[in-house]
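J.: Quick one: the structure is below, questions incoming.
The values are calculated or read from the model by the stated rules, or taken from the named source; none is laboratory data. This is a predicted model, so every value here is computed, not measured. Cβ coordinates were reconstructed from backbone atoms using ideal geometry, including for glycine residues, and neighbour counts include every protein chain displayed.
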Amino acid sequence: MLKVVLFGEKKGISATFIPKEKMEALHSPKETVLVTGGGGYFGHRLGCTLHKFGVNVILFDVQKPVQEVPEGVKFIQGDVRCLAEVEDAFTDVSCVFHTASYGMSGREQLQRSLIEEVNVTGTENVIQACLNKGIPRLVYTSTFNVVFGGQVIKNGDESLPYLPLNLHPDHYSRTKSLAELKVLKANNAELKNKEGWLRTCALRPAGIYGPGEQRHLPRVVRYIENGLFQFVYGDPKSLVEFVHVDNLVSAHILASEGLKSEKNHIAAGQPYFISDGMPINNFEFFRPLVEGLGYKFPTIRLPLFLVYLFAFITEWVHFLVSPVYNFQPLLTRTEVYKTGVTHYFSMEKAKRELGFQPLQFTLKEVVEWFQSRGHGKHFRRVEKSYFIWDIIFIFLLVLVLLSWLPAVVGVYL
């Protein structure tokens, strides 16, 4: 086995183990890969890691990456919702990593039409472009949520059925499920204008973390710094999972190799759960971040149903007022389930078929990343303005609705 330190890691921190023969294959000058969603945190990290291994990399996204694009990595600005733009970018590519998606958290979860366009139509375009341009491999970044909708799952595996579409509490999970089904159904589809077949697989990651993550962790830190992280909720024994960005990068690279003929296409048509393999209570996972930034960890614990009710009302309020005021919900129903209900999965299939071996990480590097940017109690870098007004606005609307509800109930009674 060859030990490799992935892109962006501090010296001495190992990120993954990849067999020597797979590394040699990645160094092939003929290998050109494209990453949709390459402007995002994970897509950028994946592309830069592949580039470090000597692969020709194209990052494709509607927005330019916040992070620096290394010399030699090509960035193409385009939209997965536009088939013509996708096909133009997919020229002379041997593997596509489809990581682009929309609506994972916060107010994004409530923009149904855009979620549908990006996650479903965008995935259809990616599949069609792979077939039209003769691309033989497609690795899709899916989610735990295709089988999870608030029910307890302990050590689940890939034999679990998809959650019925009508039971998904959010449109993101529903569309990701539809998209994954389309990707796996496309496996073994015949390529056009080129001999061969398209091989596809799907990776279902847990919540992603790592230094520089821009979707979830900054929101958590903002809550902490604004004094809103004053309680936890749910059963203290509930367990969830997370995946470090470099473990997820490793899984994607291994999956792309598993689609090759040299590996007898072992990954073709298959889904895989991917995580660090260490189930933990959601709030305990974040304790090192809270205390590392100098704040006190909450001692108040609320019942799950109460927080879920608040999230439900918040979503309803957002639906009513979003055309005028698109505020950031404190929590959505899906986020309550994902953080407060036990659900974790076996990775035996990924280990057995892909050779995936996740390494252990802590939040130390994440804490250091935030501290290096002026975050933490001692820095008092708090940006309250709009966010505090959002909370006040939601609170007042909830009071109005709750005071109005008994009157309405009385009329119907």
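J.: Which of the numbered conditions does LEU254 fail, given that it passes all the others? Conditions: (1) surrounded by fewer than 23 Cβ atoms within 10 Å (Cβ to Cβ); (2) touching a helix residue (DSSP H, G or I) at 6+ places or on another chain (Cβ under 9 Å).
T.: (1)
Each row is one residue, and each column tells you yes or no for (1) within 27 Å of VAL307 (Cβ to Cβ); (2) touching a residue at least 24 places away in the same chain (Cβ under 8 Å); (3) β-branched (Val, Ile, Thr).
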{"position": "VAL120", "(1), (2), (3)": "no, yes, yes"}
{"position": "VAL126", "(1), (2), (3)": "no, yes, yes"}
{"position": "PRO136", "(1), (2), (3)": "no, yes, no"}
{"position": "LEU163", "(1), (2), (3)": "yes, no, no"}
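J.: Can you pull out every residue in the stretch 206-223 that is surrounded by fewer than 23 Cβ atoms within 10 Å (Cβ to Cβ) and either among the basic types (Lys, Arg) or on the phi > 0 side of the Ramachandran plot (or both)?
T.: Scanning the stretch 206-223 gives GLY212, ARG215, ARG219, ARG222.
J.: Would you mind stating whether ALA100 is at pLDDT 95 or above and more than 19 Å from the chain's Cα centre (by Cα)?
T.: no
J.: While we're looking at this one, here's another question. Could you tell me whether LEU184 is surrounded by fewer than 23 Cβ atoms within 10 Å (Cβ to Cβ) and assigned to a helix (DSSP H, G or I)?
T.: Judged against the criteria, LEU184 is a match.
J.: Any idea which residue in the stretch 351-376 is surrounded by the most Cβ atoms within 10 Å (Cβ to Cβ), counting only those that are among the aliphatic types (A, V, I, L, M) and in contact with a Leu (Cβ under 8 Å, 6 or more places away or on another chain)?
T.: Residue satisfying both the conditions and the ranking: LEU354.
J.: Let me ask something else. State whether the residues of the stretch 241-253 include one that is closer than 25 Å to LEU359 by Cα, at pLDDT 95 or above, part of a loop (DSSP other than H, G, I, E, B) and touching a Phe, Trp or Tyr at 6+ places or on another chain (Cβ under 6 Å).
T.: There is at least one residue in the stretch 241-253 that is closer than 25 Å to LEU359 by Cα, at pLDDT 95 or above, part of a loop (DSSP other than H, G, I, E, B) and touching a Phe, Trp or Tyr at 6+ places or on another chain (Cβ under 6 Å).
J.: So which helices (runs of 4 or more DSSP H) stay within the stretch 304-368 end to end and still have 1 or more residues that are within 26 Å of HIS244 (Cα to Cα)?
T.: Passing ranges, in order: 333-340, 348-354.
J.: Write out, first by first residue and then by second, each pair whose Cβ atoms fall under 9 Å of each other, whose residues are 6+ apart or on separate chains, and whose first residue, in the stretch 188-205, is in contact (Cβ under 8 Å) with a residue 12 or more places away in the chain and at positive phi while the second is surrounded by 12 or more Cβ atoms within 10 Å (Cβ to Cβ) and in a strand (DSSP E or B).
T.: What qualifies is ASN188/TRP197; ASN188/LEU198; ASN188/ARG199; ASN188/THR200.
J.: Hey, any hits in the stretch 220-232 for a residue that's of a type in the set (Val, Ile, Thr) and closer than 29 Å to THR121 by Cα?
T.: No: zero hits.
J.: I need a count of the residues in the stretch 277-289 that are farther than 13 Å from ASN155 by Cα, touching a Pro at 6+ places or on another chain (Cβ under 9 Å) and surrounded by 20 or more Cβ atoms within 10 Å (Cβ to Cβ).
T.: 1
J.: Moving on. Based on this model, can you work out whether GLY134 counts as of a type outside the set (Phe, Trp, Tyr) and at pLDDT 95 or above?
T.: yes
J.: For the stretch 152-180, which positions are in a loop (DSSP other than H, G, I, E, B) and at pLDDT 95 or above?
T.: Within the stretch 152-180, VAL152, ASP157, GLU158, SER159, LEU160, PRO161, TYR162, LEU163, PRO164 qualify.
J.: Continuing with this model, one more query. Which one of the conditions (1) out of contact with any helix residue (DSSP H, G or I) (no Cβ under 6 Å at 6 or more places or on another chain); (2) buried (at least 23 other Cβ atoms within 10 Å of the Cβ) does TYR272 fail to meet, given that it meets all the rest?
T.: (1)
J.: Confirm whether SER256 is part of a helix (DSSP H, G or I), among the small types (Gly, Ala, Ser) and touching a residue at least 40 places away in the same chain (Cβ under 8 Å).
T.: yes
J.: Additional query: Which numbered condition trips up ASP235, out of (1) part of a loop (DSSP other than H, G, I, E, B); (2) surrounded by 18 or more Cβ atoms within 10 Å (Cβ to Cβ)?
T.: (2)
J.: Follow-up question, since we're still on this one. Give just the number: which of (1) part of a helix (DSSP H, G or I); (2) among the basic types (Lys, Arg); (3) at pLDDT 90 or above does LYS22 not satisfy?
T.: (3)
J.: What are the pairs with Cβ atoms under 8 angstrom where one residue, in the stretch 88-106, is within 30 Å of PHE312 (Cβ to Cβ) and the other, located anywhere, is at pLDDT below 95 and aromatic (Phe, Trp, Tyr)? Sequence gap at least six, or different chains.
T.: Pairs found: SER101/TYR172; TYR102/TYR172; GLY103/TYR172; MET104/TYR172.
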